[in-house]
Amino acid sequence: MSNTVHTTAATRRLQAWEWFLIGVLLVIVVANSIVSPQYLALSNQINLFQLSIEKVIVALVMTFIIINAEIDLSVGSMMGLAACAFGWLFQAGVPVPLAIVIVLAIGVAGGALNGFFITRIGLPSLVVTLATLIGFRGLARVLVEDRGIGEFPEWFDALGQKGFLGPVPFALLAFALLFLILYVVLQKSGFGRKTYVIGTNRDVAEFAGIDTARHKLILFTASGAIAAFAGLLYAARVGAVRGDVALGFELDIITIVLLGGVSIFGGTGSLLGTLLAILIVLNLRNGMALLNITGHIQTGVIGVLLIASVLAPRVNIKAWLPPRTSKTAETTE
């Protein structure tokens, strides 16, 4: 009974937060459209997504990870490793299609490695993924050293730089398709329900017969695979790779997910909230860029959003209200 009440209350808070995000997004859109008449142009809206498409793709799977009461700090480094591995394989003469398959396999292996240490060895995901954050980044730097590798085939660069369906690039279509698939999985399937149950209380989930270790292994393997896919998209968009590819991306990704209403303690959140947070962050960055605000200030603003997204759900509004007097209590009675 108490778990049901807690779940209902958490759902109400999440819905209220999502409505708040919608309001914030509308304010940002109106302000940006006033600042620049080019803001609402289709080319600007596509460019808005295209410049951060790798982050928002990984944010979708990160939503599952955090709802499951875990964290994956290695996604940025995996993106960098995937991009550098692709560049190294290409330079070694490996055909591009085969190189793509190998890179995706590296992502699966890296994610499964995280999952193994978390589920079989019993180490905290924070510790494991912090270690692989360093390890994956180090391996990426070993592969390319201080060099930049580029001059990929034109058809590969076109995937990240040109329209694939009209003016819409391939990466944006991939994001839309992935969002729809993962939305159905999280909100409409048994796998999604298990994700919430495990994140709320792992002991209860195991008592109910859910194989929590297998579930977490699947999530971390998927996280590695999607991060590797995002790394390939980054290589295609930029047209070159270096050892510092996607450096620090994991912080922006986690910020987006938490801003979307996903609880850092697990068990609460939705992909709709993550989508709203994506739109807010991208439009906010775009608006600040239109005002010629530097990248450092933009990062500071996003940092403030991260703090607010963590604190806001935990603020007890009743504590700020004046205490009820005995007279008020008698009137109520």
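Say we look at the range 110-120 and pick out the residues that are hydrophobic (A, V, I, L, M, F, W, C) and open to solvent by less than 60 Å² (accessible area, probe 1.4 Å); which of these is nearest to Leu219 (Cα to Cα)? Looking at residues that are hydrophobic (A, V, I, L, M, F, W, C) and open to solvent by less than 60 Å² (accessible area, probe 1.4 Å), I get Ala112.
Of all residue pairs spaced 6 or more apart or on separate chains, those with beta-carbon atoms under 6 Å, a first member in the range 121-132 that is closer than 15 Å to Leu217 by Cα and a second member that is part of a helix (DSSP H, G or I) and of a type in the set (S, T, N, Q) are Val128/Asn114; Thr129/Asn114. Out of curiosity, is Gly295 open to solvent by less than 50 Å² (accessible area, probe 1.4 Å) and in contact with a Leu (Cβ under 9 Å, 6 or more places away or on another chain)? When the stated conditions are applied, Gly295 does not pass them.
Residue count for the range 73-126 satisfying the condition of being within 18 Å of Ala246 (Cβ to Cβ) and among the basic types (Lys, Arg): 0. Which one of the conditions (1) of a type outside the set (Asp, Glu); (2) open to solvent by 20 Å² or more (accessible area, probe 1.4 Å); (3) part of a helix (DSSP H, G or I); (4) within 26 Å of Leu159 (Cα to Cα) does Asn283 fail to meet, given that it meets all the rest? For Asn283, the exception is condition (2).
In the range 162-220, the residue that is farthest from Phe265 (Cα to Cα) out of those that are of a type in the set (Ser, Thr, Tyr) and surrounded by 15 or more Cβ atoms within 10 Å (Cβ to Cβ) is Tyr183.
At least 2 residues that are at pLDDT 95 or above in each: list the helices (runs of 4 or more DSSP H) lying fully within the range 180-268 that qualify. Output list reads 190-200, 212-238.
Under the condition of being outside any helix (DSSP H, G or I) and of a type in the set (A, V, I, L, M), the residues counted in the range 51-107 number 6. Picking from residues in the range 82-97 that are in contact (Cβ under 8 Å) with a residue 40 or more places away in the chain and open to solvent by 10 Å² or more (accessible area, probe 1.4 Å), the one that is farthest from Gly135 (Cα to Cα) is Val96.
Considering the range 8-50, the residues that are aromatic (Phe, Trp, Tyr) and crowded, with 16+ Cβ neighbours inside 10 Å include one that is nearest to Leu232 (Cα to Cα), namely Phe49. Please verify whether Leu233 is in contact (Cβ under 8 Å) with a residue 12 or more places away in the chain and open to solvent by 40 Å² or more (accessible area, probe 1.4 Å), treating the condition exactly as stated. The answer is no for Leu233.
The values are calculated or read from the model by the stated rules, or taken from the named source; none is laboratory data. Worth saying up front: this structure is predicted, and the values here are computed from it rather than measured. So basically every Cβ, Gly included, is an ideal-geometry build from the backbone, and we count neighbours across all protein chains shown. In case anyone asks, the SASA skips ligands and DNA or RNA and just uses the protein heavy atoms, side chains included. Shrake-Rupley method; radii C 1.70, N 1.55, O 1.52, S 1.80 Å.
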